[in-house]
Each structure stands twice: as structure tokens, then as C-alpha cells.
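Structure first, commentary second.
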Amino acid sequence: MIIPPSNIPNPAKIYALIGSPVLHSLSPLIHNTAFKFLGIKAVYQVIESRDLSESLQFLRNQDIQGFNVTIPYKESVIRFLDEISDEARIIGAVNTVVVKNGRWAGYNTDAAGFAVTLASYKKDIAKKSILLLGAGGSARAVLYALLLDYEPAEIFIYNRTKEHALKMIREFASLKPGNKLNFVSKNEIADLDVKLVVNATPVGLNFNESLLSYDFFKNGMIAYDLIYNPAETEFLRLARISGAEVINGLEMLIAQAAAAFELWTEQPMPVDEVRKKLTLKS
Ligand code: NAP
């Protein structure tokens, strides 16, 4: 399903977001605000489809300049691309595609987006343990950023499907020599003592649910949920009332979008303008 913005300039460059569910996404507001502010004749559309091939076929039929990829296609889209950046290859997930001369080039801007938003906590996290929930496209970007930019003592990974987590752990084992990555089962989570916990699953997006209970969170812990809509998921609510510091996915969304925008337009995104628009909306 396509939801085109009103006032489409003509002729317009076309950008898009593919995934499912994506109708809640703020990406159209971000990119269309930036295009308008800079006077770029372009539109950013949402393509909601549970069928990746169908989404890509739709894009091929349009004169598309670039697109974002989100849940659940960040890994599966790779085989349809002509080239991918080194970073996206190591992460194993693509969230931004640049179309140039008919060739589709994949990038990952989630890792940089995540790293930027956690930068002020670098010293707090160094040499401490981390719990990462999830092993999908965004969890891979988070893991990459944590291993490259932070110096965690150990990263514990919980995922619904154990094999996916073990595969991710194997693939990241050699990224930073000496890093400690360990799978944890749901029963083992309660015994962990971590400084940072990151939810990189969609649990909490549509329903009022959390993978972790109230007892897990502590004063002094940092709880980061990649979800930004709702602004406070059940995971963040439980963390907040336990005294933990909480971060939602909004700043990461803006940071990864800014990096994608620059790849597409070779211009910096007017981030302050975008943030103003998002604040007005909330
Ligand atoms: P993905 O590639 O489809 O991965 C989803 C992950 O969540 C997998 O590990 C999956 O486990 C797990 N999962 C899915 N449903 C679950 C459930 N009901 N219970 C437990 N685990 C479940 O998705 P993604 O692209 O990584 O996105 C994950 C979330 O991060 C989404 O909510 C997305 O909106 C958000 N996100 C936010 C930003 C931002 O800028 N703020 C950026 C990227 C992503 P299995 O391996 O068992 O399938």
C-alpha cells in the first residue's frame, strides 16, 4: 500500500521506505520536511507490503532514486542489490539503498545512528556488561556499533530464535579480538548484572508488552529501546519506574535518516528543522 504525500512537486525525485509494519513510521515526515526545507523536488513514500519481491518490483517500475529498508527485510534485501558497502556487509543488514545509473547500492546507517545517540554514555558503558535483545537487522547494527565504538566487558544476547543469535555471534566473533559475546536464555536473564540493555526487537511496538519484567531494571542502568512510536514502550515504562535512565529510538531514527539523506542528496539534512517538525507532531 502506498501513501503518497500531498502536494507532490512535478517532476519529483522519488524515495521510499519498504517494510511491514511501516504505516506508523515517521520517516516520511522526516525526509519530506527536509526536502521541502531545502527546496529539493522530491517525495518520500511508504510501501507497506508483506512481500519483499512485490515491494522491490514496485520500486523497479518507478524512477526511484533511493529507498530505506526496515523490518523485516534488512537482511533479505541484500541478495537483490548490485553492491553493498563494507560496513553493511560486515553487519549483514542494509537499511539504505542508493540508486545510481540503475544500480542499487546498499548501506547501513543504523549503526552510525545508534552510536551517535549513545556517545555521551561512552565512559559509563566501558568495561561493563550489556544485554542485547534481538538478532535481526537492527540488533546487528547495534552490535557492530557497540563492538567498534564502545569497550564492553561482555555482551549477552537474548533472541526468540536461539539459532539466529548463535549465527550472529559466530559472524561477529572476529570483529574485535577478545570480545565476549554470549547467548542467554530467557531464564538466565534475571541473574545478569548489566549497565546497558537494548531492545532491538519489535516487542512493544503494537502491544503493551515487554520482554523484560520490572524486577530486571535497576537504578543506574541505561535502558535503550529502538522503538520510537510509542515514545514510551512498556519496556521503557518499567525501566523508568525502576529508576533506570531511558532512551527511546527517536534520536537514532533522526541520526540514521540524516546519514541516509546525505547519501541520497549529498547535502546535510536540516536536523534542527526536522526535530522541530517531529516535536510539533508529538
Ligand atoms: P528484524 O530484522 O525483523 O528483527 C526482529 C528481531 O526481533 C529478531 O531478532 C526477532 O527474533 C525478534 N522478534 C520479532 N518478533 C518477536 C517477538 N514477538 N518476540 C520476541 N522477539 C521477536 O527487525 P529490525 O529491523 O531489527 O527491527 C527491530 C525493531 O527495531 C523494530 O521495532 C524497528 O522499528 C526498530 N528499529 C528502530 C530504529 C530507529 O532508528 N529507532 C532503527 C532500526 C530498527 P527471531 O530471530 O526469533 O525472528
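If you scan segment 247-282, which residues turn out to be hydrophobic (A, V, I, L, M, F, W, C) and farther than 29 Å from residue 88 by Cβ?
The one that is hydrophobic (A, V, I, L, M, F, W, C) and farther than 29 Å from residue 88 by Cβ: 280.
When segment 263-282 is limited to residues that are assigned to a helix (DSSP H, G or I) and without any contact (Cβ under 8 Å) to a residue 24 or more places away in the chain, the one that is least open to solvent (accessible area, probe 1.4 Å) turns out to be 271. In this structure, residue 208 qualifies as open to solvent by 20 Å² or more (accessible area, probe 1.4 Å) and within 16 Å of the ligand (Cβ to nearest atom). Of the numbered criteria (1) buried (at least 17 other Cβ atoms within 10 Å of the Cβ); (2) of a type in the set (Gly, Ala, Ser); (3) under 26 Å from residue 149 (Cα atoms), the one residue 66 fails is (3).
Counting just the residues of segment 238-262 that are of a type outside the set (Asp, Glu) and open to solvent by 30 Å² or more (accessible area, probe 1.4 Å), which one comes out farthest from the ligand (Cβ to nearest atom)?
Among those residues, the one meeting the criterion is 243.
Counting only residues that are surrounded by 18 or more Cβ atoms within 10 Å (Cβ to Cβ) and either within 13 Å of the ligand (Cβ to nearest atom) or closer than 21 Å to residue 70 by Cα (or both), segment 211-233 holds 8 of them. Screening segment 7-101 for strands (runs of 3 or more DSSP E) wholly inside it with 2 or more residues that are farther than 17 Å from residue 259 by Cα and within 15 Å of the ligand (Cβ to nearest atom) returns the ranges 13-19, 42-48. Of the residues making up segment 160-174, at least one is open to solvent by 40 Å² or more (accessible area, probe 1.4 Å), more than 16 Å from the ligand (Cβ to nearest atom) and over 20 Å from residue 223 (Cα atoms).
Segment 118-236 holds strands (runs of 3 or more DSSP E) entirely within its bounds, and those carrying 1 or more residues that are β-branched (Val, Ile, Thr) and touching a Pro at 6+ places or on another chain (Cβ under 8 Å) map to 129-133.
The single condition among (1) open to solvent by 30 Å² or more (accessible area, probe 1.4 Å); (2) touching a helix residue (DSSP H, G or I) at 6+ places or on another chain (Cβ under 6 Å); (3) under 21 Å from residue 169 (Cα atoms) that residue 128 does not meet is (2).
The single condition from (1) among the small types (Gly, Ala, Ser); (2) over 23 Å from residue 266 (Cβ atoms); (3) open to solvent by 10 Å² or more (accessible area, probe 1.4 Å) that residue 102 fails is (2).
The values are calculated or read from the model by the stated rules, or taken from the named source; none is laboratory data. Everything numeric in this text was worked out from a predicted model, so none of it was measured. Cβ: placed from backbone, ideal geometry, glycine included. Neighbour counts: every protein chain shown. Surface accessibility is based on the protein's heavy atoms, side chains included, excluding ligands, DNA and RNA. Shrake-Rupley method; radii C 1.70, N 1.55, O 1.52, S 1.80 Å.
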